[in-house]
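The values are calculated or read from the model by the stated rules, or taken from the named source; none is laboratory data. The structure presented is a predicted model; accordingly, all values stated were derived computationally and were not measured. Don't worry about glycine lacking a Cβ; one is built from the backbone with ideal geometry, like all the others, and counts go over all protein chains shown. When the accessible area is computed, the model is the full protein with side chains, heavy atoms only, and any ligands, DNA or RNA have been set aside. Shrake-Rupley method; radii C 1.70, N 1.55, O 1.52, S 1.80 Å.
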Amino acid sequence: RVLSGSRYIGELMEWIPEAAAWLDDPELLRPRSGVALQTEARAIQTRHETLDDAMPFVRALRRRELLRTAMAAVLGVLTIEELADSLSTITEVTIQATLRAVRREVVPPEDDALDFSVIAMGRFGGRELGFGSDADVLYVYRPNGVDPERAHALSLKLVQGLRTHSEDHRVPLDLDADLRPEGRNGPLVRSLESYAEYYGRWSLSWEAQALLRARGVAGSVKLIDAFTELADRVRYPERADPQGVREIKRIKARVESERLPQGVDPSRHLKLGPGGLSDVEWLVQLLQLQHAHAVPALRTTSTTDALRTAGEAGLLPESAVPRLHEAWRFASRLRSANTLLSAQTSDVLPADRRRLDGIGRLLEYPPRSASRVEEDWMRVARLSRRVFEKQFYG
């Protein structure tokens, strides 16, 4: 079942054939805890002193746990929430282990006071990763007495080392820093002081919106706490700026018209299409910007937790929440199933009937359910879009 249903699993099992033994014990198919993975990663670095010696074992750990999670997903052992949590944990442990190994070689003892941290953004920050998702991140440092120019140069080396040594041709890990201030035009890494100055003077509405899912995942805990405190002041304002709200609505409309790939039927795009992931996430984030200061439970990086809170707080009609939640959840399941089936990442629901039927089987539809999968998505997305248009633009 796992081999016929998933090319992703088949390719990984070529490297880890002993994983077949997990099928004999349901407990071995359950994701391992973050603590267990951290312990193993630290043991790797204790045994292997150099970066080049340690990283093959860190990559092997990640591949093995991705395979375990994929097999559990195909066999129906995990919910989509458990799958997302497992993938997020695996990515965090990989980044933490890689950063420790890189820092050991890049930062000399006399500069050890330098603080450096990795902040998760987007679906990674929300612990909502699926198979094939990028890991959106920001990089921040604090000199702590190290010469500022040297601190910046060392931090750039840490970033470069992280990006180079986390690469894996089998299951790519893309550390995407495009959500940083000024986007691709901005510095790849900034000091905490630079972030504070930027957000205090020049930040745009989309940057406050992006910070709603910022969450520290690696490096200095004290620096993570300081960055989180800074982010809270930006993402949870006492009063949302009306001009900023209008700008967010304008950007959303532009994203819909400009970012959809040419020739793709919008109704089949699970992320940017009507009623898809983007609609649900942007509506939730708009409500967070407007109300999180007054409703503390909205101060979460989780889309589904924030959506549930918005309903409980009366910020959305009672009937709206299940429609939005179903669309977000179904789109997430379809995206992961698409990657598991083909071992290729795509945000588009395929039109090919055989691929659709394969996705349906992974989602526990009966055989030959291609049309039903398609119809279910179109129905769920249509209801979600109606809610979105009324609540976001209305």
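Farthest toward the positive end of the dipole of the range 113-250, out of Leu114, Ala151, Gly216, is the Cα of Gly216, where the dipole comes from beta carbon charges about the Cα centre.
Under the shape rule built on the C-alpha gyration tensor, where the axes satisfy a ≥ b ≥ c, the chain is oblate, since a/c reaches at least 1.5 while a/b does not exceed b/c. The string of couplings for the range 248-264 from the Karplus curve (6.51, -1.76, 1.60, θ = phi - 60°) is 4, 5, 5, 5, 4, 4, 5, 4, 4, 8, 9, 9, 5, x, 4, x, 8 Hz, one whole number per residue in order, with x for Gly and Pro. Taking the charge dipole of the range 1-109 about its Cα centre, with +1 at Lys and Arg Cβ atoms and -1 at Asp and Glu Cβ atoms, the residue from Thr79, Thr69, Ala101 reaching farthest to the positive side is Ala101. In this structure the amide hydrogen of Val137, modeled in the peptide plane, comes within under 5 Å of the amide hydrogens of Met121, Asp176, Ala177, Asp178, Leu179, none closer than 5 places in sequence on its chain.
Solvent-accessible area of the chain (1.4 angstrom probe, protein heavy atoms only): carbon and sulfur portion equals 49 percent. Rounded, prolate or oblate: which one fits the range 64-216, using the alpha carbon gyration tensor with axes a ≥ b ≥ c (rounded when a/c is under 1.5, else prolate when a/b beats b/c, else oblate)? Since a/c reaches 1.5 but b/c is at least a/b, the shape of the range 64-216 is classed as oblate.
A 1.4 Å probe run over the chain, with the rest of the protein chains in place, finds 46 Å² accessible per residue.
Each of Gly276, Ala292, Gly244 was scored by the projection of its Cα onto the charge dipole of the chain, and the greatest displacement toward the positive side belongs to Gly276; charges sit on the C-beta of Lys, Arg, Asp and Glu. Magnitude of the charge dipole for the chain, about its Cα centre and with charges confined to Cβ atoms of Lys, Arg (+1) and Asp, Glu (-1), is about 1100 debye. In summary, the lysines within cross-link reach of Lys390, defined as a Cα separation below 21 angstrom excluding same-chain residues under 8 places away, comprise Lys249, Lys252, Lys271. Name the shape class, rounded, prolate or oblate, that the alpha-carbon gyration tensor gives for the range 160-262, where a ≥ b ≥ c are the square roots of its eigenvalues, rounded holds for a/c under 1.5, and otherwise prolate holds if a/b is larger than b/c and oblate otherwise. In terms of gyration-tensor shape, oblate.
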